[in-house]
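The values are calculated or read from the model by the stated rules, or taken from the named source; none is laboratory data. Worth saying up front: this structure is predicted, and the values here are computed from it rather than measured. FYI the Cβ positions are ideal-geometry reconstructions off the backbone, even for glycines, and counts take in every protein chain you see.
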Amino acid sequence: MKEFGLPDAIEDLFAELNRSVARARNGFKYFVGAEKIEVGITPKETVWSYDKVQLFRYKSDKRLYSTPIVLVMSLISRSYVLDLRPNKSLVEYLLGRGFDVFLVDWGVPDGFEASNSLETYTHDYLAKVVENAIRVSGAKDVTLYGYCLGGDLALLYVASHSDAPIRNLVTMASPIDFSAMGPLVDLLKVDKIEPQKLLGWDGNVPADDIANSFRLLKPTGDIVNRANLVENLWDDEFMDGYLAMTRWTGEHIPFPGGVFLQIVDLFIRKNCLATGSCELGGEVVSLISIKCSVLNVVAEKDHIVPIDAATPVVALVGSKDAVELRLPAGHAGLIVGRQANRVTMPKIADWIEGRSELLS
Amino acid sequence: MSSPKPLWRNVFDLVEKGVAPKLESMVGMSEFADLISVLTKLRYEANKRFEETTQNLLHVWNLPAVTDLKKLSEQVSSLERRIRELSKSIEDMKENQAE
């Protein structure tokens, strides 16, 4: 039993009053939409662009490694999630560890991208991205780091370009075995839905359809998020992360129609990535031809790319230095959140650090 | 120091933990797959009918419909690609001449 109950009770009362004031302030800002949160604010410059693809290089005055890291984003969402907010940014963390960081932003597809194929991204765009990262940084090779479908693109690029200057390859929550992707992907596998009928008037899969399919994977997700908001409305730090994540999840982009049809045929119906080889650009691309160091990061609580769908990478590549890193996180939790800063990012950075060249 | 969860949150979590797995398993059921399949077809057919009807109506007034915009967009995209290919050929030629 506490000896001095009254002062404690007064202290609790003041704490609760302070929280109520913060709740009222944050609630007002949220509901009137005054809180337009800025995202992707780490200073950067566009060092190369082509069609809608942009290659950003982040500014840093404490580079320790000459081997640059090229972050490759997925095609279904905006790239700023990799640099969401200060202290919630993979880019910021890697810069802090002394890396030279580049980020590929694919842009927002419209009719022009509708006829893009996987080869457009792997054989054309990524090849040029790596070439330009090398040109700008002056390095002799790079670490290619793909998130989600960006990891698949990176794998296929490295596998189809045996002479590519890739020192290390990191794949994070990247779907490989599409038979383990879950019920929504199964719909496309069993021919219940003709993929062509999912394309919008511009020839791409509409952004709203992508957002809705994610909602179906976790039907109570939205209401749980609202409950978290109400519970933590007083917490400014929580609000900062909540608003940034809400902005990101609400800003899905259309998916290039040509790539979508190819993914349904090759990845979903033929499950070619899980077999280790795919036919791309008229030739068979085998993952076994990947000889550089490979790190495959998988999330144990991932409901978008279930862990079984992401694990086969290490077994399929031909590298002697291929390891898997299992983390107790969700799909976005790998890159955003307390766990990401404390566990995910340090472990990944440690792995890359040991395989990067120091600046002379 | 983290404060204990409020009572309403404990109740919410209890209900959510009971409901969420059931809803998630429903998404995996074949009946749900059939429903999505039917809805997708219906939406596609409805959009197609709507486009056809509005197209006829707009063409009476000599106005462009969404299908015309789609064709135009495809043509512009194809032109953009052609320009890109030509630019690349010119760059390659310049590089060859410089060598």
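Please work out which residue is farthest from A:Lys197 (Cα to Cα), limiting yourself to region B:27-42 and to residues that are facing chain A (nearest Cβ under 8 Å) and part of a helix (DSSP H, G or I).
If we take residues in region B:27-42 being facing chain A (nearest Cβ under 8 Å) and part of a helix (DSSP H, G or I), then B:Val27 is farthest from A:Lys197 (Cα to Cα).
Could you identify the single residue in A:Ile335, A:Ile352 that is touching a residue at least 60 places away in the same chain (Cβ under 8 Å), of a type in the set (A, V, I, L, M, F, W, C), under 30 Å from A:Leu64 (Cα atoms) and not in a loop (DSSP other than H, G, I, E, B)? It would help to see each step written out before you state the result.
Details: A:Ile335 fails: not in a loop (DSSP other than H, G, I, E, B).
Within the list A:Ile335, A:Ile352, the selection yields A:Ile352.
Which ones in region A:159-197 are within 14 Å of A:Leu126 (Cβ to Cβ) and touching a Lys or Arg at 6+ places or on another chain (Cβ under 9 Å)?
A:Pro165
Test A:Ala159 against the criterion of being touching a Ser or Thr at 6+ places or on another chain (Cβ under 6 Å) and surrounded by 24 or more Cβ atoms within 10 Å (Cβ to Cβ), and give yes or no. First the steps, then the outcome.
Working: touching a Ser or Thr at 6+ places or on another chain (Cβ under 6 Å): yes; surrounded by 24 or more Cβ atoms within 10 Å (Cβ to Cβ): yes.
Against the criterion (touching a Ser or Thr at 6+ places or on another chain (Cβ under 6 Å) and surrounded by 24 or more Cβ atoms within 10 Å (Cβ to Cβ)), A:Ala159 qualifies.
Give all pairs with beta carbons closer than 7 Å in which a residue from region A:182-198 that is more than 7 Å from every other protein chain (Cβ to nearest Cβ) meets a residue that is surrounded by fewer than 16 Cβ atoms within 10 Å (Cβ to Cβ) and at pLDDT 90 or above; count only pairs at least 6 apart in sequence or on separate chains.
Matching pairs, first to second residue: A:Lys189/A:Arg269.
Residue pairs, Cβ under 9 Å, 6 or more apart or interchain, first in region A:109-124 and closer than 16 Å to A:Ala159 by Cβ and in the same structural domain as A:His252 (by TED's automatic domain parsing), second assigned to a loop (DSSP other than H, G, I, E, B) and among the aliphatic types (A, V, I, L, M). List them.
A:Tyr121/A:Leu75
What number of residues within region A:262-304 are part of a loop (DSSP other than H, G, I, E, B), of a type in the set (Val, Ile, Thr), under 22 Å from A:Thr249 (Cα atoms) and touching a strand residue (DSSP E or B) at 6+ places or on another chain (Cβ under 8 Å)?
0
So in region A:38-63, with the set limited to residues that are among the polar types (S, T, N, Q) and within 19 Å of the chain's Cα centre (by Cα), which one is farthest from A:Phe102 (Cα to Cα)? Even if it seems obvious, please write down each step before you answer.
Here is the first cut: in region A:38-63, the ones among the polar types (S, T, N, Q) are A:42, A:46, A:49, A:54, A:60.
Filter again for within 19 Å of the chain's Cα centre (by Cα), leaving A:42, A:54.
Details: A:Thr42: 12, A:Gln54: 10 Å.
Result: A:Thr42.
Tell me which residues, restricted to region A:199-221, are part of a helix (DSSP H, G or I) and either more than 23 Å from B:Leu69 (Cβ to Cβ) or more than 10 Å from chain B (Cβ to nearest Cβ) (or both). Reasoning before the result, please.
Step one: of region A:199-221, the residues part of a helix (DSSP H, G or I) are A:207-217, A:221.
Result: A:Ala207, A:Asp208, A:Ile210, A:Ala211, A:Asn212, A:Ser213, A:Phe214, A:Arg215, A:Leu216, A:Leu217, A:Gly221.
Assess whether A:Asp202 counts as being closer than 16 Å to B:Ile36 by Cβ and out of contact with any strand residue (DSSP E or B) (no Cβ under 6 Å at 6 or more places or on another chain). Steps first, answer last, please.
Working: closer than 16 Å to B:Ile36 by Cβ: no; out of contact with any strand residue (DSSP E or B) (no Cβ under 6 Å at 6 or more places or on another chain): yes.
No; evaluated as a whole, the condition is false for this residue.
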